[in-house]
Every structure is written in C-alpha cells, then in structure tokens.
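Asks: Structure in structure tokens, see below.
The values are calculated or read from the model by the stated rules, or taken from the named source; none is laboratory data. Please read these numbers as outputs of a predicted model, since none were measured by experiment. Positions of Cβ are backbone-derived with ideal geometry, glycine not excepted, and every protein chain shown enters the neighbour counts.
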C-alpha cells in the first residue's frame, strides 16, 4: 500500500511539475500583437473587406454571394448582364466592407490603447465595446445583404448550379435552397 501511494506521489510530482513549468497561457504569444484582441490575419481580413465567415448563414443555406458567383460564373451560366450586375454588387459590397473593417480596426486599436495606457474606465469601455459591436454587426449585415441581392439576380437553377460548383450538393443547405430565390 505504501508503495502504491509513493508511485502516485511520484507520478503527480512528475506530471504536476511538468504542467506548472510548461503551463503557459494559450495567449502567451499574443502580447506582441499590435492589437491584442486581433491577429494580423484578422486585421488584414477586416481591412481587405474579406468575408471572414460573416455570411455563412446565407452561403450554406443556398444564397450565393457575389464574389463566389463571379468565381463560378461559367458553371452557373451567368449572362453578360448578370455578370456585370454581379461585378457591381461585389464592388459595392467590398467598398463598404473595407470601410467597416477599417472602422473596427480603429476601434479595437483605441480599446487596446486605453487598456495599455491604463486610462480605460467603465464608461469608455461600455462605449467602445458598443461601437465595436455595432460596427461588427453592420459588417456582417453588409456581407449577408449582398447574398440576398445576388440571389435576387439569379434563376433557381443557377442557384443550384452555384451550390454544385461550390461543393454543397444539390440542395445547398438545410432548407434545400428552395423558396427564396428571385427570378431575374
């Protein structure tokens, strides 16, 4: 019995000590970031107007987006007019997304600076986080909105072709991609 407890103690000391010595926070490398809450990839994505998963609710439920529609335009059999309108939608979406992304980066920079300078107050924290949330919500709305507009340009069979070209199968989502498409 004594030997059993000794072995448990040895194992605990080995693994317990190892955990303490090597138990760095998963945030250890984040201290060198320009904005602690955002990776460089996130900052670049926001500034570039990238989708960053903001429109997955639309994309994966059978509402094509303008960028990916342009990428698979041939497979969708888009007409010249549809291509032109899709390009215009994409450019509008991108311009607005870049502006909103830049705003989010600015607000996150301000939040980070106030914490770093130890000037943050509960009021400034509430205001900044509310503004960040509002800008992030607007960015997501912007990306989702263009999926609605894009879908209105397409015939139902083009939506199905899009879903197939993107590898989503015939239905394109949980709702089969039916019942929400325009007839342009």
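Asks: Here is a list: 131, 145, 155. Which entry is within 14 Å of residue 82 (Cα to Cα), at pLDDT 95 or above and surrounded by fewer than 18 Cβ atoms within 10 Å (Cβ to Cβ)?
Replies: After applying the criteria, what remains is 155.
Asks: Return a yes/no flag: does segment 165-176 have any residue that is more than 19 Å from the chain's Cα centre (by Cα), surrounded by fewer than 19 Cβ atoms within 10 Å (Cβ to Cβ), more than 30 Å from residue 33 (Cβ to Cβ) and modelled with pLDDT of 95 or more.
Replies: yes
Asks: Restrict the check to segment 68-81 and report whether at least one residue is within 22 Å of residue 138 (Cα to Cα), without any contact (Cβ under 8 Å) to a residue 40 or more places away in the chain and surrounded by fewer than 18 Cβ atoms within 10 Å (Cβ to Cβ).
Replies: There is no residue in segment 68-81 that is within 22 Å of residue 138 (Cα to Cα), without any contact (Cβ under 8 Å) to a residue 40 or more places away in the chain and surrounded by fewer than 18 Cβ atoms within 10 Å (Cβ to Cβ).
Asks: Of the residues 58, 88, only one is part of a helix (DSSP H, G or I) and more than 15 Å from the chain's Cα centre (by Cα); which?
Replies: Only one candidate passes the filter, namely 88.
Asks: Related question: With respect to the numbered conditions (1) within 24 Å of residue 151 (Cα to Cα); (2) within 16 Å of the chain's Cα centre (by Cα); (3) without any contact (Cβ under 8 Å) to a residue 24 or more places away in the chain, which one is the sole condition not fulfilled by residue 133?
Replies: (1)
Asks: Test residue 108 against the stated conditions and say whether it is more than 26 Å from residue 155 (Cα to Cα), part of a helix (DSSP H, G or I), modelled with pLDDT of 95 or more and under 24 Å from the mean Cα position of the chain (by Cα).
Replies: For residue 108, the condition - more than 26 Å from residue 155 (Cα to Cα), part of a helix (DSSP H, G or I), modelled with pLDDT of 95 or more and under 24 Å from the mean Cα position of the chain (by Cα) - is met.
Asks: Can you name the number of the only condition in (1) closer than 30 Å to residue 163 by Cβ; (2) buried (at least 18 other Cβ atoms within 10 Å of the Cβ) that residue 108 fails?
Replies: So residue 108 meets the others, but not (1).
Asks: Please work out if residue 49 is buried (at least 18 other Cβ atoms within 10 Å of the Cβ) and in contact (Cβ under 8 Å) with a residue 60 or more places away in the chain.
Replies: The answer is no for residue 49.
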